[in-house]
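Below is one structure, written out as structure tokens; the observations come after it.
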Amino acid sequence: MPGVWDEMFAPDGSVRPHWQSFSRMLAQLGAHGMQDNSATIARLLRDHGVTYNVFQDTGAAGRPWFLDAMPLLVSSGDFAVVERGLQQRIRLLRAIMADVYGLQRLIKESWVPPRLLFANPGYLRQVQDVNLEDDGLCNVATDLVRGADGNWVALADRCQMPGGLGYALENRIVLSQAFPQEFKQCRVQRLASFFERERDIFREMASAHRKTPNVVMVTPGPHHRSYFEHAFKARYLGFPLVEGADLTVRDTRLFMKTLEGLRQVDVLIRRVEDVSCDTLELDPASWSGVPGLLEAWRNGRVRIANPVGSGVMEAAAWLPFLPNLCRQLLGEELLIPSVPTWWCGQASVLAEVMKEPRRWVFKKAYCGSDTPAQSTAALEEKSLKALLAEVRADPEAWVAQEALVLSQAPFWTGSQLEPRSFVWRAFVCGTAHESHVMPGGLGRVSPSSEGFLVSMVAGALSKDVWVISDEEVALKSLLVDRAEALRVSRPPGDVASRIADHLFWLGRYAERMEQTTRLLRMLSKRLGGEGGELQMHELRDGLRLAQEVKLLDERLDVTGALALVHQEIKDLMDNPKRVDGVADLLGKLRYNAAAARDRLSDDTWRLFNQLQEEVSAPLTHAGAYGITAKLDRIILDMAAFSGMQSENMVQGHGWRFLELGRRIERGSASATFLQAAVHLCEENETVLVPLLEIFDSTMTYRRHHFAKPKLLQVLDLLMLHAANPRSLAFQLEAIHQQARLLPQGSSLSGAATALEAVEMMLRHLRQIDLPALECDALRFEVLRQSCEEFINHFESLSHQLTEDYFSHATRRSR
Amino acid sequence: MRFQVIHRTLCRYDSPVSVCHYHAKLTPRRLPNQECPWHEITIRPEPLHRYHRHDAYGNAITYFEIEGSHEELEVISRCYIHVKANPGVDAAATPPWESVRDACQSSQWSAATMAAEFVCDSPLIHPSQEMREYALRSFTPARPVLEAALDLNHRIFTDFTFDPTATNVATPIEESWKKKRGVCQDYAQVMIACLRGVGLPARYVSGYLETLPPPGQQKLIGADASHAWLSLWCGEEWGWMDLDPTNDLMPSLRHITLAWGRDFSDVSPLRGVTLGAGNQQIIVAVDVSPDE
């Protein structure tokens, strides 16, 4: 295409020098090789659970992330230009921001029209008295595009909480795995040292402050569209990820609420919008804020990266004034020009813009608006008129930007390469004294070949950016020493109360999922097969068991209505509205897992993704067999999860609450099943076979008794047998063991109360004398009552833990 | 005039609160015509931490935190105030309103620059086309700015009905505009929107007003209220002029100024966040009495 810069090919059709090595390898790889790579990429992204907009409030999964199999290569010469330009740009943005919230020379010396600042909703008066000279922007992301002449120009700056860094890193990890050879041979510059510098910057900010500093990252939570990135980056850098509710301000100091009490925070890396940071001084309706945070910040007790009020710099309205501001504030010429932009807030400018309205892309002048950029070139006359009227009505709120023809980057469509418009989001981190540009970044290409560029929210596709080095590249990844990072920055007791709460419920729901699926499988197995009288009896008793534990409606008459039973089981598996059904439990599991994401391993996350796929997959076989087969797979996954829990997690306080949740749930469910079974046994003992199945104890029983199950023997195995991991006794012993290691809790007596409660239950269990009950006419009643008491005790223990450990972290939902 | 003011706020929570953080803007401003020889804020339960500072508009802020379970919070602000009469103003002598508007539009630094902030939209005030047109009926070409503003002041007083049941503190001005009803906060914010709509700088003022008992009756304690009005910038020579559309007058001896800002959100007298509270009941009583 004439008048368009092609990233890969020179105008004469030859491959540009920095692409040559990669292009040769591409030829060797061929279309099939690329297809394989695409498949690998898709699988890796899914395994890592990369999503955008991970969780809505409903707990439904977000849109999967898409990464193009073709990287975008940038030559070292180009990168050097961009690097110098962006290092200057962050200095400039810091200088402007310090002036905005300080002396305001930019207004007093008429460098910008006063209304440019005053009409900017990102300009927070609450920040006016904070000294930002040394405490300015730490992270900036700039969207770069390349015009027809091959020069890079800046399209926009992201300053509040620049997004995309975590995705860029994830893209790199995935693409370097899909192209291991190519990646090495092309001498692609590594990203790790950039993150190391960033981590050092945060640590230095903290250590200037206190000797044993504490850095945390705050996120709005799992419902935020970039939550994946928050969790990923926090883990990569080795800082705890918290939510507003985990933090509190006392005596103008910021603290994190942990299981062992309050722990002071020195540096807050925020992924929460400006206006949501402090519910006292800013948006009172925000869930993410910490009341008093600004007061703590103003008093110099905590540092915030990026500073609250950074949103003021995110305005497109600044762009036309940057060259002059750069001269005035830095005494330098601006190195990377911006896309030609006009702020409509000046009457003369507005008049100029209106002369040739079709030349422009109209954009909102300030951040915080959802209105997308509007290109006028292809707009119908009527829509153009409406747009121009909107601009005239409130000209300060708009900028006109020249419509650039963007450079074209090769994109892998699945079968061939196709040129697509390209934007490069480049990342910079810095302090007053130094700054670093990430050698790479987040590339975006338009979703269609005609497409004008759009944002990630609107469905653009991502691309890894490879900066090709002229020299050999040293290997480095922070992921390798992540364990080290964790040890250094996170002492074992340092668990946010809210995280402990989520882990506790993760344990409970995981166990409930196991119980439910085992119960459903016990039923579905008896729906198919050859039938027979015994099977029908067991099915009948199994159904009554399910009704006793309230999984099936008591009024449902199932005798003889197999189709209805079949329907009910399917509904319990697929219908997310069925409380405690499989789909509902999975949603709750994933919600709690996501909220504690930085505590769970990659494998655990992969397992949850697999589980999600299995639950939503169609049945492989018709009829009951298909259901059984599906339940088999889910049960195996849940077993794998509990295996990971016991083998792959550090057994600190976080793990302790996961374990307690699981044991309390299993204990409570066991007591419920046993109670129901005792009740049914008054009539007939056929219920014992399905009961043993639910407890996964069929084999154990056979090994012990070689005979048809008898109530007392079954009860002995399921209640009192301390070596059976499914027995009530086992759960109580396990809870007892953990209760002794609990931290003090907020009431200071939490550990002691929990321990007392579980010891009382253990004494109660030991008093049950089954052989003595054998000749007692009232044995059923006694057993039923004991089970009832256990159920109540387990629930009150759960409440107790909630009161003592989680309640000072106010909870929104589980 | 000398006044003694007692402003008492009581918050009753329906479940105990463990921690709370508050901002109070209850300290009267020092002005050429207003002196405050003595002021004190008492808080019950006693806050663990309490700090004073000033906000971006020079209003005094008292920040406090209370830790420990409590079901009631009481904040009492007491002060002595001397208010001097404003010199009379010849509204017809003020400059044409367009010149004030244009001064604020200028890119060059001048006294108008700082007033220009109060022309822009603010968190609660976004003038509509309709409000702009309403205002323009007073702001006829070349009319002296204060004369036109007094006319607008009078029209809002006439067209609106004072009705405490129609709105509350959270009512958006679009709604009070549509209903043509409300209290002083609505009157002031609507008028500010009209003035900004035509490009003039106007700010929101919070304070107290001494009310007079009906003839022959004794004044009831606590019957006075927090009051709100506005201030219009009338050009470099005249500066900021107060207008009270709720009472159709220019404040003089009976208005006591606490704080000003772009709209109510900048001056809210008591703002807090509590942890653990369900609903809360707030009782406010203000008493402005002449000090002999």
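The values are calculated or read from the model by the stated rules, or taken from the named source; none is laboratory data. Predicted, not measured: the structure shown is a model, and the values here were computed from it. Using ideal geometry, Cβ is built from the backbone for each residue, glycine included, and neighbour counts are taken over all protein chains shown.
Here is a yes/no grid of residues against (1) modelled with pLDDT of 95 or more; (2) not in a strand (DSSP E or B):
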{"residue": "B:F3", "(1), (2)": "no, no"}
{"residue": "B:R12", "(1), (2)": "no, no"}
{"residue": "B:C20", "(1), (2)": "no, no"}
{"residue": "B:L26", "(1), (2)": "yes, yes"}
{"residue": "B:I43", "(1), (2)": "yes, no"}
{"residue": "B:P47", "(1), (2)": "no, yes"}
{"residue": "B:R50", "(1), (2)": "no, no"}
{"residue": "B:R53", "(1), (2)": "no, no"}
{"residue": "B:T62", "(1), (2)": "yes, no"}
Which one of these is more than 22 Å from the chain's Cα centre (by Cα) and either under 30 Å from A:F255 (Cβ atoms) or touching a residue at least 40 places away in the same chain (Cβ under 8 Å) (or both): B:P37, B:P28, B:P45? B:P45
Is it the case, given these coordinates, that A:L417 is of a type outside the set (G, A, S) and either over 38 Å from the mean Cα position of the chain (by Cα) or crowded, with 17+ Cβ neighbours inside 10 Å (or both)? no
Select from region A:37-64 the residues that are surrounded by 14 or more Cβ atoms within 10 Å (Cβ to Cβ) and either in contact with a His (Cβ under 6 Å, 6 or more places away or on another chain) or modelled with pLDDT of 90 or more (or both) and list them in ascending order. A:N37, A:S38, A:T40, A:I41, A:F55
Quick one: how many residues across region B:23-45 are more than 14 Å from chain A (Cβ to nearest Cβ) and either in contact with a helix residue (DSSP H, G or I) (Cβ under 7 Å, 6 or more places away or on another chain) or not polar (S, T, N, Q) (or both)? 16
Would it be correct to say that B:S231 is modelled with pLDDT of 95 or more, more than 14 Å from chain A (Cβ to nearest Cβ) and touching an Asp or Glu at 6+ places or on another chain (Cβ under 9 Å)? yes
Output the residue which, of all residues in region B:4-22 that are of a type outside the set (A, V, I, L, M), more than 18 Å from B:S289 (Cα to Cα) and surrounded by 21 or more Cβ atoms within 10 Å (Cβ to Cβ), is farthest from the other protein chains (Cβ to nearest Cβ). B:C11
Select from region A:605-624 the residues that are assigned to a helix (DSSP H, G or I) and surrounded by fewer than 14 Cβ atoms within 10 Å (Cβ to Cβ) and write down the one among them that is nearest to the chain's Cα centre (by Cα). A:E613
Mind checking whether some residue in region A:560-569 is more than 17 Å from A:I627 (Cα to Cα) and out of contact with any Ser or Thr (no Cβ under 6 Å at 6 or more places or on another chain)? yes
Going through (1) in a helix (DSSP H, G or I); (2) touching a residue at least 40 places away in the same chain (Cβ under 8 Å) one by one, A:S646 fails only at (2)
Scan region A:413-430 and give yes if some residue there is more than 26 Å from A:G30 (Cα to Cα) and either part of a loop (DSSP other than H, G, I, E, B) or modelled with pLDDT under 85 (or both), otherwise no. no
Over region B:107-157, the set of residues more than 14 Å from chain A (Cβ to nearest Cβ), in a helix (DSSP H, G or I), touching a helix residue (DSSP H, G or I) at 6+ places or on another chain (Cβ under 9 Å) and without any contact (Cβ under 8 Å) to a residue 24 or more places away in the chain is B:R155
If you check B:C104 against the conditions, is it within 14 Å of chain A (Cβ to nearest Cβ) and under 23 Å from A:L282 (Cβ atoms)? no
For residues that are in contact (Cβ under 8 Å) with a residue 60 or more places away in the chain and of a type in the set (K, R), scanning just region A:274-328, find the one that is farthest from the other protein chains (Cβ to nearest Cβ). A:R303
Hey, which of the helices (runs of 4 or more DSSP H) in region A:75-174, taking only ones fully inside, have at least 3 residues that are more than 33 Å from the chain's Cα centre (by Cα), within 12 Å of chain B (Cβ to nearest Cβ) and touching a residue at least 12 places away in the same chain (Cβ under 8 Å)? A:114-118
Restricting to region A:351-377, name every residue that is crowded, with 19+ Cβ neighbours inside 10 Å, within 13 Å of chain B (Cβ to nearest Cβ) and either of a type in the set (S, T, Y) or more than 34 Å from the chain's Cα centre (by Cα) (or both). A:Y366
Among the residues of region A:378-406, which ones are within 14 Å of chain B (Cβ to nearest Cβ) and among the polar types (S, T, N, Q)? none
Among the residues of region B:147-175, which ones are over 17 Å from B:A188 (Cβ atoms) and buried (at least 20 other Cβ atoms within 10 Å of the Cβ)? B:A148
So for region A:592-602 (the condition being at negative phi, surrounded by fewer than 17 Cβ atoms within 10 Å (Cβ to Cβ), at pLDDT below 85 and in contact with a helix residue (DSSP H, G or I) (Cβ under 8 Å, 6 or more places away or on another chain)), does at least one residue qualify? yes
Residues that are at positive phi and assigned to a helix (DSSP H, G or I), drawn from region A:1-48: A:G30
